[in-house]
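Let me begin by presenting the structure, written as structure tokens, before commenting on it.
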Amino acid sequence: MKDYAERNRLVLHFIVLPSLLLTVVLLGGLRVDADTRQFVFLPPPLVTLLLAALLSSLFLRAGTIDLHRWLAIDQPLLTNLARLLTLLALFFASAQAFNSVLPESGLLHWMFSFFFLWTLWTNQFSAFDARRLLRSLIVLFATAFVLKHLLVSSLYGGDKGWLSRLAGSLLQGASISGPGFAPSTGYISFVALALYVCALLMMSPSAEGHTKSPMLNADLDVPKELPATSEQ
Amino acid sequence: MPRKLIEVIGLIWTIVYAVAIIWVYATEPRTLREVATNTQIAAGVYEINQEKFNNGLELFRRDQFRAARDEWAGADPAQKDARTQFYIAYAFYREGWGRTYSDDALFKEGTAAVTRSISLAPNGSLSVDDPNLQIHTAAELKVELEEGTERSWSDLNPLGVFRKRK
């Protein structure tokens, strides 16, 4: 029984987790053109790399990733290499998750970017634990997803509804338009975000109160204390 | 399964998957079919559809140039076969050629196709041994197409109407 659990944890850690993160990297920049129904692959813009760097810093601060245990001098080189690749995959998956929910161009792109930057920057100075950070991220991405794929897509849509007309009046002179993407883009983005959240859940410490991750560091017996949680 | 084996499998899988993603973003396939074609090219097993190529050749010989090009485009969707691109360029040449003037738009597309053909050919040199053609090398065809789009005083030479299509 113990052997099975150990083996499953290793498979989750070294195979499933990187696969999930890399799938997010793949899907995060994938769009489907509304007219031609062809794939459009958008590499992560520079701003999403900055956002991913800020988010990585939050992961470290909140204890989602304990760098000293992920990469340790007393671990085999193979283990360190595998974990380093997983961390890289996490970084690019974060960038692509942002890419997935950012409008592609125009004023809204910069408004969303500013919103993300502001949120992540202020969070750098807040007290976080891993679970609270995860909840916060789910809300952040869910909000951005709804705004982009439900509200903003209606602005870009062919039929100009009241929202589109209102936005056009409010933002007169400013470019809010962007490329038109098929509704399937929203589904792809949803799957990418769902996989990203699943990967984060797999990485975060378990919910039972003990600090050991459900699968990571299975081979390490040293307990890890979470940072003290304080209400904001 | 020992720990080391799982780690090795995970490491190799992660690297292969990451390289595949970088490749997808670099090649930007527009459809799933293009993904499959690009995979064949990457694996070195890409081949043109010979049946479509032969259909195109039949049409070309009956002066159905547009239809021939459509067939050849289907035969070589990735535009990676030098010989097919040569024939596409030739079809543009024959359709665009005129006694008094040449169709610049068609000649430009032909130039693009023959340039592709030259870049795909080994050592940048392609020779097609087809008795139905009067131009047998990609370099000659390129010169012919480029001269067709150039403007010169010789264009006003009335004897030009006696020239022949190659």
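Coordinate-derived values only; no laboratory data. Values in this document were obtained by computation on a predicted structure and should not be read as measured data. Backbone-built Cβ (ideal geometry, glycine too); neighbour counts: all protein chains shown.
Tabulated values for the structure
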{"read-out": "Spans of helices (runs of 4 or more DSSP H) in the stretch A:11-125 with at least 1 residues under 19 Å from residue A:144 (Cα atoms)", "value": "A:17-28, A:46-62, A:77-101, A:106-123"}
{"read-out": "Test: residue B:29 is in a loop (DSSP other than H, G, I, E, B), out of contact with any Gly (no Cβ under 9 Å at 6 or more places or on another chain) and touching a residue at least 24 places away in the same chain (Cβ under 8 Å)", "value": "no"}
{"read-out": "Test result for residue A:72, surrounded by fewer than 16 Cβ atoms within 10 Å (Cβ to Cβ), away from chain B (no Cβ under 11 Å) and over 27 Å from residue A:154 (Cβ atoms)", "value": "yes"}
{"read-out": "Filtered residue count, the stretch A:119-140, keeping only those that are small (Gly, Ala, Ser) and surrounded by 15 or more Cβ atoms within 10 Å (Cβ to Cβ)", "value": "2"}
{"read-out": "In the stretch A:14-31, the residues that are at the interface with another protein chain (Cβ under 8 Å from one of its Cβ atoms) and within 21 Å of residue A:52 (Cα to Cα)", "value": "A:18, A:19, A:22, A:25, A:26, A:29"}
{"read-out": "Meets criteria (within 22 Å of the chain's Cα centre (by Cα), more than 9 Å from every other protein chain (Cβ to nearest Cβ) and not small (Gly, Ala, Ser)) for residue A:48", "value": "yes"}
{"read-out": "Filter result for residue A:36 (free of Cβ contacts under 8 Å to residues at least 24 places away in the same chain, at the interface with chain B (Cβ under 9 Å from one of its Cβ atoms) and over 15 Å from residue A:99 (Cα atoms))", "value": "yes"}
{"read-out": "Scope the stretch A:35-61; condition aromatic (Phe, Trp, Tyr) and under 22 Å from residue A:200 (Cα atoms); matching residues", "value": "A:59"}
{"read-out": "Hits in the stretch A:90-118 - residues which are aromatic (Phe, Trp, Tyr) and surrounded by fewer than 21 Cβ atoms within 10 Å (Cβ to Cβ)", "value": "A:91, A:110, A:112, A:114, A:115, A:118"}
